[in-house]
Structures are given as C-alpha cells and as structure tokens.
1. Can you list the strands (runs of 3 or more DSSP E) lying wholly within the stretch 14-84 that have 3 or more residues being more than 29 Å from residue 246 (Cβ to Cβ)?
2. Go through the residues of the stretch 79-86 one by one and say whether even a single one is more than 24 Å from residue 173 (Cα to Cα) and aromatic (Phe, Trp, Tyr).
3. In the stretch 85-94, how many residues are hydrophobic (A, V, I, L, M, F, W, C) and free of Cβ contacts under 8 Å to residues at least 24 places away in the same chain?
4. Any idea which of (1) outside any helix (DSSP H, G or I); (2) closer than 17 Å to residue 264 by Cα; (3) touching a Gly at 6+ places or on another chain (Cβ under 7 Å) is the one residue 237 doesn't satisfy?
5. Looking at the stretch 69-84, I want the residues that are on the phi < 0 side of the Ramachandran plot and have a partner that is assigned to a loop (DSSP other than H, G, I, E, B) and modelled with pLDDT under 90 with Cβ atoms under 6 Å, at least 6 apart or on another chain. Which pairs are those?
6. Sort out which residues of the stretch 1-40 are of a type in the set (Asp, Glu) and within 21 Å of the chain's Cα centre (by Cα), and write them in order of number.
7. If we keep just the residues of the stretch 128-161 that are among the hydroxyl-bearing types (Ser, Thr, Tyr) and crowded, with 16+ Cβ neighbours inside 10 Å, which is farthest from the chain's Cα centre (by Cα)?
Amino acid sequence: MRRLPLHPGARGLADDCAVLEIGGETLVITHDAMIEGRHWLSGQDVADVAWKLVATNLSDLAAKGAEPIGVLVGHSLGHDDVQFLAGLHDALAHYGTGLLGGDTVSGDGPRTLGLTAIGRATHTPVPSRAGAQIGDALYVTGTLGAAMLGYEALRDGTDAETTAYIRPLARLPEGQALAGMVSAMMDISDGLLLDAFRMAEASEVSLAIDSKSVPVAAPDRVLDCLKWGDDYELLFALPADIAPPTPATRIGHVEARGYAPLFIDGEPVTNPQGLGYVHQQA
C-alpha cells in the first residue's frame, strides 16, 4: 500500500492514525477491522465485541492525545444485532462520542466488523511512533497481560476475570495529558515487545527495556505478558527530567541506535518475528 499515492496526512502509513490539518483544526482519523474467530471467539457476546470495536479504535486516538468526535461503523448483519447495538450504545455513551454513520452488509463466511474513529487533536504537533530521543525514559501505563488472562478464562470457561479482554479501556485522558510532553507515543495492541520494536524502528533509536520493571498481571509468565498484546495501554518516551502527569511505570530508556533496535535485559533483539501479534498475510 505504501506504493500507492499517499496523502501527506497518512504519515507514510508508518503510524496508527492519519493526521489532517483542515483550517484551524487538526483531525486524527483511524480505522480498524475485526474478524470472528481471529479477533473474538465464536459464540462470544457481541455486545462485548461492539464495545471492543469502539475501544480499540479510540485507543489509537488516545495515543495521539486526541478527543473523539464520532465514529462510523461497518456491520455484518446477524441474528444478534440487538445485542451488538446494546454494546455499541454502552461504549459510545461511556466515551461521550456519537455515531456518524456507516454501512451494513450480510453474507456468508466469517463475520467482519469495521470502525472508523475521528478525533480532534488536543495538542500539535500530534505525537507519533517516531521522535523518541536518546536519553529519554520509557514508560507504560497500567498492567500488561490482563487481557491474555481474560482471553484464556473466556476460552476455557473458567470463572476468572475477563473484563480486560472483553471490554478494554482506551486511555484517552492519559493520552491527552501526555500529548504535549512526550517525544513518541503509541498504544500497545500487538504486545509490548513488538510495539517497542516498531517505535525504535520509527524513531531510529534503540530501546532498552528492563523486563523486571514492567508491571504484569501474571508474574510467573512475564514473557507471555510482554508478547500477548490486546492491552491497549500507552507506551511512551519522555525526557528523563520530566515526570509523567499520569500514573505510569518506567520500564527502560532510549539509547543511540546500536546493534539492535531493542534490548531486553541487555540482550539484543534484531528481528521482530515472534515478539507479538502479527496479522497473517494471505
């Protein structure tokens, strides 16, 4: 797709959002899709699926410090549309944003849903994956791995907590508070290690992470927590002499680009393969 004619706001398709300057406003736009059986379990309550569809897209806006304006939904019709609408209502009401429109379709095959979220930048320049500076401190919000445990509980039918997986929260207030201070920021959707690798590549630096410093939901499965993804927490680089204005944990620092984009406990990581979730190519 990068060979296609790109709008300047596409940021070279190297970021999670497009950024459009229109008059005195800066709009932030993102689109994500979800497929049954890959992004949610068959038979899962579609009210929760609708919530997650909204939250995952708004998480991209959060990483840009944007305020949501509205969403457009692409919906595959099914027998449980009433439940889907109930979950969609819950999510939109929770985040104080509205439906702008969209489309409905019906057909055979795995059910596919899509959502476009439009936001207004609260600070310019809008943060990106690029920009991390040598000497910056590296932080994450929240705890990683809770979604992994929720997925396993849902899959296995246990009574363990599933909320982090079925109804994640977009870190919109945190992103807005950080937008004017960070050097680089992105949300953690595909796993901390893979997303940190991507930030390092975009910023042309090396990120050094101390795995023992990362807050995880399963201390006996640290590596799984760092790779699994679906957490939708924020990963950001901040000048070392500035304290974050929102609760966050320092997990490492930014170094001059060395042998590898990523160092975990001092060990170089030169290849992103196996670091997290990667969409399969046909």
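The values are calculated or read from the model by the stated rules, or taken from the named source; none is laboratory data. Quick caveat, the model's predicted, so the values are computed rather than measured. Ideal geometry is used to build each Cβ from the backbone, glycine not excepted, and the neighbour counts take in all protein chains shown.
1. 66-76
2. Our first condition is that a residue be more than 24 Å from residue 173 (Cα to Cα); within the stretch 79-86, this holds for 79-86.
From the residues that got through so far, the ones that are aromatic (Phe, Trp, Tyr) too are 84.
Yes.
3. Kept after step one, since they are hydrophobic (A, V, I, L, M, F, W, C), are these residues of the stretch 85-94: 85-86, 88, 91-93.
This time we only want the ones that are free of Cβ contacts under 8 Å to residues at least 24 places away in the same chain, so: 93.
Total meeting the criteria: 1.
4. Looking at each condition in turn, residue 237 falls short on (3).
5. Once the first residue is on the phi < 0 side of the Ramachandran plot and sits in the stretch 69-84, its partners that are assigned to a loop (DSSP other than H, G, I, E, B) and modelled with pLDDT under 90 give 76/111; 77/106.
6. 15, 16, 32, 36 - these are the residues of the stretch 1-40 that are of a type in the set (Asp, Glu) and within 21 Å of the chain's Cα centre (by Cα).
7. Here is the first cut: in the stretch 128-161, the residues among the hydroxyl-bearing types (Ser, Thr, Tyr) are 128, 139, 141, 143, 151, 158.
Retained after the next criterion (residues that are crowded, with 16+ Cβ neighbours inside 10 Å): 128, 139, 141, 143, 151.
Details: 128: 12, 139: 15, 141: 12, 143: 14, 151: 17 Å.
Residue satisfying both the conditions and the ranking: 151.
Residues checked against (1) over 25 Å from residue 153 (Cα atoms); (2) surrounded by 16 or more Cβ atoms within 10 Å (Cβ to Cβ):
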| residue | (1), (2) |
| --- | --- |
| 59 | no, yes |
| 78 | yes, no |
| 87 | no, yes |
| 102 | yes, no |
| 126 | yes, yes |
